[in-house]
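The values are calculated or read from the model by the stated rules, or taken from the named source; none is laboratory data. Predicted model only: the values in this text are computed from it and were never measured. Neighbour counts run over all protein chains shown; Cβ positions are idealised from the backbone, glycine included. Side chains included, ligands, DNA and RNA excluded: accessible areas come from the protein's heavy atoms. Shrake-Rupley method; radii C 1.70, N 1.55, O 1.52, S 1.80 Å.
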Amino acid sequence: MTYEKKQMISDLKPLLEQSSLEAVGALVADLHPADIADIIESLTENEKRLLFQALDARTASEVVVELSDFSRDQVLEGIHTQRLADIVDDMPSDEATDFIAELPAGQAAEVLRRIDLEDTEDVRTLLQYDEDSAGGIMQLELVSARVDQTVQDVIDAIRQAKDDVEDIYNVFVVDAQNQLMGTLPIFRLLLEKPGAAIESIVEPCPLIIKANEDQETVAHKFRHYDLVSAPVVDDDGHLLGRITIDDVMEVLEEETREDLLRMAGASSEEDMFYSNQIFRISRLRLPWLLTNMFGGLVTGYILWLFKLTIPEAVTLMSFVPVIMSMGGNVGIQSSTIMVRGFAVGAVNPSNILKMLFKEIRVAAVIGCTCGLAVGLLAQLWHGSYKLGVVVGFSMLGAIMSAALTGTIFPALFKRIGVDPAISSGPFVTTANDIIGVLIYFGIAALFYRLLLS
């Protein structure tokens with residue numbers, strides 16, 4: 001916590017204790033909404049509500065979207081419907097839609113009745129799209145121009161829209177039927193003569209997004225084309241809205257947060273940090289942990305079988321931890337690379353075999369190096385070069401198989417529509433444990449007579 005934040009909280013607390021909302025509002029008036037939200041996260045539940053009440057509707061509309069789900073629920077608990085409507089009225093259409101979609105049905109309907117008619121229509125329009133689609137994250141507020149207009153006409157339109165449209169990066173050009181024709185960056189408009197015809201200077205859109213596209217796909221396209229905004233159209237090419245870089249950043253943050261929560265066995269930040277629903281949290285975590293437990297039991301059973309057939313199993317057991325841990329680490333590294341590749345679009349069906357071949361070659365180098373090292377140590381420790389050969393080749397085999405499973409499992413889960421970020425880890429770890437033990441004691445069994453001679 002920075003000194004400035006500590007000082008601000010110290011100054012706010014006495015005012016909040018006295019419920020001096022006017023003084024509280026004046027104290028935070030010059031702060032950025034994100035900083036106000038950060039301060040709210042550090043307060044008690046009652047203090048959060050009081051500070052939020054002290055904010056004007058415009059500031060509150062910007063602060064509420066910056067809050068965690070847990071704090072947002074706290075500041076909105078018991079809030080008057082008209083206050084909610086005032087806050088929604090000051091939100092961009094995409095944020096207003098997301099906000100209303102999270103409200104109870106009755107409260108959402110009441111808020112829709114109280115906000116401006118135009119805003120109500122915008123929200124109802126956006127609610128028709130899947131929340132994870134381009135239509136679900138687009139903004140309806142934009143500046144468009146017809147091909148038969150002039151530069152001066154468009155500049156006048158931008159000035160008129162300054163209070164309704166935030167962060168205007170591009171003007172989208174349409175025909176008389178609202179069919180998208182192209183785009184005009186703001187800087188291009190400033191460089192042209194006022195009387196220049198839009199039709200003569202319009203540029204092709206580097207990216208046109210269909211309303212039903214998945215939001216992750218949209219985020220990857222934004223990154224690929226290095227864009228700050230892009231138009232959204234329907235199946236017939238009619239302009240519907242726009243997506244900006246801040247929408248894309250929110251998508252990426254949301255997807256990352258969801259992946260981390262699922263990996264931790266939670267469905268929300270409230271489950272992870274604040275909830276006391278022990279059985280519910282346990283139910284979320286258990287499936288993946290049971291997968292690992294089952295794999296451990298299978299591994300133990302394999303060890304028990306080999307103990308019955310190889311008298312030297314006790315000596316061999318001393319190298320099981322290092323072989324299994326090395327295989328597990330390599331498998332996790334390979335699966336992490338694949339999952340990250342899928343997330344950023346660097347890995348796709350066309351280059352999976354290339355990635356597999358590369359990981360196997362890397363694993364061969366690592367396996368030879370580690371196998372030689374652990375083989376020499378086994379020889380020095382137990383005085384048997386034959387044992388060193390078994391351990392060295394087992395290390396090589398375990399690392400090679402780990403790279404193989406670490407690459408294949410994420411690709412397989414991606415192919416069947418299961419998020420590889422969530423499911424790959426437990427399966428890769430379990431598979432590597434089982435395969436590593438099979439390789440180790442399988443090689444030991446093959447060299448059994450060699451070890452006795």
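If you filter region 73-98 down to residues that are assigned to a loop (DSSP other than H, G, I, E, B) and surrounded by fewer than 20 Cβ atoms within 10 Å (Cβ to Cβ), you find that the one that is modelled with the lowest pLDDT is Gly78. Taking region 321-347 as the range and being open to solvent by less than 50 Å² (accessible area, probe 1.4 Å) and part of a loop (DSSP other than H, G, I, E, B) as the test, the residues that pass are Gly345, Val347.
Tell me the helices (runs of 4 or more DSSP H) entirely within region 127-202 that contain at least 3 residues that are under 23 Å from Val248 (Cβ atoms).
Working: elements: 134-137, 151-160, 186-191, 198-201.
Filter on region 127-202 gives 134-137, 186-191.
Out of the residues in region 359-399 that are under 32 Å from the mean Cα position of the chain (by Cα) and surrounded by fewer than 21 Cβ atoms within 10 Å (Cβ to Cβ), state the one that is farthest from Pro349 (Cα to Cα). In this case the residue turns out to be Ile366.
Here are some residues: Ile115, Ile137. Which one is under 25 Å from Ile168 (Cβ atoms) and in contact with a Phe, Trp or Tyr (Cβ under 9 Å, 6 or more places away or on another chain)? Steps first, please.
Values: Ile115 fails: in contact with a Phe, Trp or Tyr (Cβ under 9 Å, 6 or more places away or on another chain).
Unique residue meeting the criteria: Ile137.
For the structure I just gave you, tell me whether Leu67 is within 19 Å of Leu21 (Cβ to Cβ), open to solvent by less than 30 Å² (accessible area, probe 1.4 Å) and part of a loop (DSSP other than H, G, I, E, B).
Numbers: within 19 Å of Leu21 (Cβ to Cβ): yes; open to solvent by less than 30 Å² (accessible area, probe 1.4 Å): yes; part of a loop (DSSP other than H, G, I, E, B): yes.
Yes, satisfied.
Where the second residue is crowded, with 16+ Cβ neighbours inside 10 Å and among the hydroxyl-bearing types (Ser, Thr, Tyr) and the first is within 18 Å of Met338 (Cβ to Cβ) and lies in region 348-377, which pairs have Cβ atoms under 7 Å and are six or more apart or on separate chains? Listed by first residue and then by second, the contacts come to Met355/Thr407; Leu356/Thr407; Glu359/Ser334; Glu359/Thr407.
Considering only region 174-201, state which residues are buried (at least 18 other Cβ atoms within 10 Å of the Cβ) and touching a Leu at 6+ places or on another chain (Cβ under 6 Å). Show your work before the answer.
Of region 174-201, the ones buried (at least 18 other Cβ atoms within 10 Å of the Cβ) are 174, 180-184, 189, 192, 198.
Listed by number, the residues that qualify are Val174, Leu180.
Candidates in region 412-453 are the residues that are of a type in the set (Gly, Ala, Ser), surrounded by fewer than 17 Cβ atoms within 10 Å (Cβ to Cβ) and not in a loop (DSSP other than H, G, I, E, B); of these, the one that is modelled with the highest pLDDT is Gly442.
Would you say Glu121 is open to solvent by 80 Å² or more (accessible area, probe 1.4 Å), closer than 28 Å to Thr217 by Cβ, without any contact (Cβ under 8 Å) to a residue 60 or more places away in the chain and not in a helix (DSSP H, G or I)?
On the way: open to solvent by 80 Å² or more (accessible area, probe 1.4 Å): yes; closer than 28 Å to Thr217 by Cβ: yes; without any contact (Cβ under 8 Å) to a residue 60 or more places away in the chain: yes; not in a helix (DSSP H, G or I): no.
Here the answer is no, as Glu121 does not meet what is asked.
Going residue by residue through region 102-113, is there one that turns out to be among the charged types (D, E, K, R) and under 22 Å from the mean Cα position of the chain (by Cα)? Looking through region 102-113, at least one residue is among the charged types (D, E, K, R) and under 22 Å from the mean Cα position of the chain (by Cα).
Conditions tested, residue by residue: (1) touching a residue at least 40 places away in the same chain (Cβ under 8 Å); (2) in contact with a Gly (Cβ under 9 Å, 6 or more places away or on another chain); (3) of a type in the set (Lys, Arg); (4) within 22 Å of Asp246 (Cα to Cα).
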| site | (1), (2), (3), (4) |
| --- | --- |
| Gly135 | yes, yes, no, yes |
| Val154 | yes, no, no, no |
| Glu166 | yes, no, no, yes |
| Phe172 | yes, yes, no, yes |
| Leu190 | no, no, no, no |
| Glu199 | yes, no, no, no |
| Leu207 | no, no, no, yes |
| Lys210 | yes, yes, yes, yes |
| Phe222 | no, no, no, yes |
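Among the residues of region 47-63, is any more than 24 Å from the chain's Cα centre (by Cα), open to solvent by 10 Å² or more (accessible area, probe 1.4 Å) and in contact (Cβ under 8 Å) with a residue 40 or more places away in the chain? No, because not a single residue in region 47-63 is more than 24 Å from the chain's Cα centre (by Cα), open to solvent by 10 Å² or more (accessible area, probe 1.4 Å) and in contact (Cβ under 8 Å) with a residue 40 or more places away in the chain.
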